[in-house]
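Below you'll find the structure, written out as structure tokens, and then a few comments.
The values are calculated or read from the model by the stated rules, or taken from the named source; none is laboratory data. Everything quoted here is computed from the prediction, not taken from an experiment. Here the Cβ positions follow ideal geometry from the backbone for every residue, glycine too, while neighbour counts run over all protein chains shown.
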Amino acid sequence: MQEYKLPDPTPGDVMLVVSISQLVHMLTSTSELTQVIRAVENLPLFPIAMVLHCPQCHKQHIDSPTATWKNPPHRSHLCAHCGCVWRPADVPTTGVEAVTSRGRKDTWPLKSS
């Protein structure tokens, strides 16, 4: 039986997506599927960089380390302006000023002409 070992993720990795149909064709036994599931469960979660705004006061929330807080991966965010605590997703996120990637079909922000 072939042992499945996933590569170590880097902080830039956000998500590992495997098509169920591809997975079914790859595996020949339940024990192989169990090994893949265990490997995925043991992957560390790196926070997803997101532009976050407080749902209460609508101010932008940017996470950054301070002398007393090192900005570890987290799910709940505390608004520095109004004190609201909220969870934008069920995975670790980090508030950033702007995302660094851009898709071919993205229309925001508008390009200046």
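List of remarks:
- Where Val17 falls short, out of the listed (1) out of contact with any Asp or Glu (no Cβ under 7 Å at 6 or more places or on another chain); (2) aliphatic (A, V, I, L, M); (3) modelled with pLDDT of 65 or more: (3)
- Qualifying residue in region 98-108 (condition: acidic (Asp, Glu) and under 19 Å from the mean Cα position of the chain (by Cα)): no
- The condition of being modelled with pLDDT of 55 or more and under 28 Å from Val96 (Cα atoms) holds for only one of Glu32, Glu41, that being Glu41.
- One residue alone among His58, His53 is within 26 Å of Arg102 (Cβ to Cβ) and either aromatic (Phe, Trp, Tyr) or out of contact with any strand residue (DSSP E or B) (no Cβ under 8 Å at 6 or more places or on another chain) (or both), and that residue is His58.
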